[in-house]
Amino acid sequence: MVLALLLILFPALERVYLAQLGTREASTLVLAVEGLTGSLRRYEALPILIAERPDLVRALRDPGDGALIDKINTDLEATAEEVGLSDIFLMDRSGLTIAASNHWKELSFVGQNFSYRPYFTMALAGDRGKFFALGTTSGERGYFFAEPVRDGAEILGVLAVKFTVDTFEAAWRDGTNEIIVQDDAGVIFMASREEWHFRSLAPLGPEALAAIAATRKYPMDQLDPLGATQTPFDEDFDKLSIAGDDGTRTRFLMQSREIPEASWTVSLLTPADPAWTRAAGMVALSALLLLLVGLIATVVIQRRVQLQERIRAALSMQEELEHRVTLRTAELKQANQLIMQEVEERRTAETLLRQTQTELIQAGKLAALGQMSAALSHEFNQPLAAVKSFARNALAYLDRDQPDKVRQNVGMIDDMVDRLVAISTHLRNFARRPGEKTEPVRLDRAVETALAILEPKLRGAGCVVAQTEGPAETWVMGGQVRLQQVIVNLLSNAVDAMGDVAEPVIDLSIACGGATATVAVRDRGPGMTEDEMASLFDPFFTTKEPGKGMGLGLSISYNIMRDFGGTLEGRNHPEGGAVFTVTLRRADAPSMAAAE
């Protein structure tokens, strides 16, 4: 009877814990759906704007104009890089690509025919084309938007854009759940597990397979079912069991949401084993309690039979023992609750720690930009004043019928605008939130960008950077934006350390040795005391005056370098001043991979 009670209790407890688990993780599904929906809506309007460019009409009318095609290739490449698109390409009415943003790559779209793609046929018919597929040229998955290129009412060709989805999957892999995205045919084209790509939870029908083959949407040899078993749990959740390559099955609690505009189904798969473990623990605890009570009852009965004359003493002992059992049971329950609470608190603390670190990194960069605001204002005002002066001169020369002078002044205006664009580009990249992964990056380029960002501050302080010539290209493992931030922090600290120096000089060098590369930044300031060096990388420790620093720059830089697998060290230089050394693992230059 006791065994039957426990067998009934276990499924009920497991169901309760599964429902709690699914409700707690529902916000993760909402975030994933909102991220995908936001990207779709952001890129959907771009083909309309790009297709209105007059150069595209002229190129479709005269595809043999090589100079015009070269100009369009360059414009499309700049546009794709600016808005974060993978590719932009122009096709004539036959589906032949005559210009593309990846024209310079080995696997360029130029010369490829995509008339078999639904986005092309839809746009050629005058509608907006939408389609997700595996690139037949690049082998990369992406979502395509396409719009007709019109000359009046006549459709001359199709302009298509593509954005990839790898960044979403990389973010999903950091979580404890699995996320899959299925199309209207049931094919999993996005997943936090790469081995699930192009699989399905159920076998595909012949019509779906024929449609996929006709549009070359996915590789036909990979369209295999996952061997999944799906059963309803309640109105919001399903139970899902997926067989692995080794024959073992993994149980999940699945909840799904639709993205109607793309006909996608986004599903969150939460591992069900924690709920099973909690239910088993509660059943085991209940069994122990029942066993303990049964043993107590047996002892009491035996003692009553054997020692009738000592009934009062036996009853007293029984009451004492029951009281101790009650206390012990309460202690066990309290200990179990404390352990569960501690586990949840640690998970929350880890999440808050990661969020806080990201916010501190962003705060440090924005604080640095705030400190440079006056110099940046001067840096922008000079070119703007020059532009205004050249514009007035151009008008005067135009009135005098001196076109050569007008052309010269317009060229100078163009140079000033390029300078403003370069400054704003550096600042925009520097202020961007760090979401990049660790990969091969150019160390020398990060140093050049950091110097460009700090150039107004260096010039305002009268500081000279004595840079030692290093290797032409130095590749290291890191992240371009965060590595730039570390170097900016070190250079900015060096300038601040020489506030009282008449002729401030910063020594900057890049060196390679074996499997590592180093960047050394030395100032000519007063150096550091032993107490300051002991607390150098502690958060909120600073030697600057109040209001001139939060004490976070070196701490954030130290943690960034640790994420890269590198080191950051600080010491006094024998000839005076302080020197900070960044050490990173060297990496091979990445290959030029083509992408559709």
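Remarks
- Gain on full stretching of the segment that runs from R562 to H323 - 0.36 nm per residue minus C-alpha separation: 80.6 nm
- Approximate spin-label separation E52-K239, in nm, with each point projected 7 Å along Cα-to-Cβ: 5.6
- Region 104-109 - phi-based ³J(HN,Hα) in whole Hz, Karplus 6.51/-1.76/1.60, Gly and Pro as x: 8, 7, 4, 9, 5, 6
- Order of H573, H323 - criterion: other Cβ atoms within 10 Å of each residue's Cβ, fewest first: H323, H573
- Cα-projected label distance for R24 with Q308, points at 7 Å along beta-carbon direction, nm: 5.7
- Net lengthening on full extension, A202/A466 (0.36 nm per residue, minus Cα-Cα): 88.5 nm
- Separation of alpha-carbon centers, region 141-166 and region 446-501, rounded to whole Å: 42
- Rounded if a/c under 1.5, otherwise prolate or oblate - region 285-356, Cα gyration tensor axes: prolate
- The value given for the chain is a Kirkwood hydrodynamic radius of 30.2 Å, derived from the mean inverse Cα-Cα separation.
- Distance from the alpha carbon centroid of region 235-294 to that of region 106-126 works out to 44 angstrom.
- Neighbour-count ranking [beta-carbon atoms within 10 angstrom, fewest first] of R278, R304, R312: R312, R304, R278
- Gained length - T229 relative to E34, 0.36 nm times residue gap less alpha-carbon distance: 67.4 nm
- Working note: Cα gyration tensor of region 435-596, eigenvalues times five, square-rooted, sorted largest first, giving semi-axes of 27, 17, 15 Å.
- Mean projection of the Cα convex hull over all viewing directions, computed for region 168-274: 7.6 nm².
- Per-pair calculated FRET efficiency, R0 = 56 Å: A287 and V501 via Cβ, rounded to 0.05: 0.15
- Where the Cα pairs of region 41-166 fall when distances are cut into 5 Å bins, in %: 2, 12, 24, 28, 22, 10, 2, 0
- Sequence-distant residues sharing a close amide H with A587 (under 5 Å, placed H): W475, V476, M477
- In terms of other Cβ atoms within 10 Å, K130, K333 run from fewest to most in the order K333, K130.
- A compact globular protein would have a Cα radius of gyration near 2.2 N^0.38 Å; the ratio found for region 129-173 is 1.53.
- Pairs of lysines in the chain (C-alpha under 28 Å apart; 8 or more residues apart or interchain): 20
- Calculated FRET value between E345 and T176, using beta carbons and R₀ = 22 Å, to 0.05: 0.85
- The chain, helix-only ellipticity at 222 nm - DSSP H runs n ≥ 4, -39,500 (n - 2.57), divided by all residues, nearest 500: -17000 deg cm²/dmol
- In this simple spin-label approximation, Y116 and E569 carry label points 7 Å from Cα along the Cα→Cβ vector, and these lie 5.9 nm apart.
Every number in this text was worked out from the coordinates using simple rules, so none of it is lab data. Worth saying up front: this structure is predicted, and the values here are computed from it rather than measured. All Cβ positions, even for glycine, are placed from backbone atoms using ideal geometry, and neighbour counts span all protein chains on display.
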